[in-house]
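One structure below.
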Amino acid sequence: MADDVLQRLQDMSDDTLVLHNALRTAQDRPLRSQITHITTARHLSDRALSLLLRLAPQPALTTAEGLHALSHVARVAQTTQQAGMQLTTGLAREVEHRRVAAAAGGSPVVVVGPSSQQHLLAAVDLLKRVPDFCAAARNRLTAAEGLCAAGASPIEPLPASPRNPPVLHGQLSP
């Protein structure tokens with residue numbers, strides 16, 4: 001098995017957990033921090049899509065196990081995109097709320113629709129699923145590689161690519 005594929009999935013899982021924990025425990029949410037979290041979610045999605053793009057044409061992944069693995073990687077991309085969307089929507093709601101509150105000059109402001117906190121909670125809920133998708137993809141890739149012993153083409157190592165977004169390896173940048 002191309003260990004780099006498994007490592008990339010593990011790194012995405014670890015980075016998602018870091019983002020999940022940062023969002024879950026965030027008390028004070030300055031705009032800069034929120035934007036950093038949105039960017040991190042986008043990078044996770046880009047990394048999953050890049051991995052999917054590299055894996056999809058490999059003959060070893062045309063088996064049922066291989067297609068299941070690709071499906072799980074696609075779910076990682078989808079889920080992290082949705083989480084980024086929730087965070088972006090929450091940021092937009094918060095900025096709009098601040099604008100309306102400033103224009104109201106101290107008068108009470110009524111917000112209609114989901115609050116920025118509700119969007120944050122939706123993103124947290126989405127992100128907690130990603131490590132399971134990554135683990136399932138690793139298991140299916142390992143099973144697909146096992147089929148290679150029976151005559152299928154092996155899963156080839158992935159070359160380093162400038163199209164791959166930077167890897168976080170468990171740390172969020174400020």
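Rule-based calculations on the coordinates, nothing more; no lab input. As the structure is a prediction and not an experimental result, all values here were calculated from the model. All Cβ positions, glycine included, derive from the backbone under ideal geometry; neighbour counts span all protein chains shown.
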Ordering 95-101, 105-111 by per-residue average of other C-beta atoms within 10 angstrom, highest first, gives 95-101, 105-111
Answer in debye to the nearest 20: the dipole magnitude of segment 3-148 about its Cα centre, from +1 Lys/Arg and -1 Asp/Glu charges placed on Cβ, is 420 debye
Ranking Ala83, Ala56, Ala137 by how far each Cα lies towards the positive end of the charge dipole of segment 3-148 (+1 on Lys and Arg Cβ, -1 on Asp and Glu Cβ), the top one is Ala83
For segment 93-99, Karplus-derived ³J(HN,Hα) couplings (6.51, -1.76, 1.60; θ = phi - 60°; whole Hz; x for glycine and proline) come out as 4, 5, 5, 4, 4, 4, 4
Checking rank on 78-86, 134-142, 22-30, with mean other Cβ inside 10 Å and highest first, the result is 78-86, 134-142, 22-30
Each label sits 7 Å from Cα toward the beta-carbon; between Thr36 and Ser107 the label points are separated, in nm, by 3.7 nm
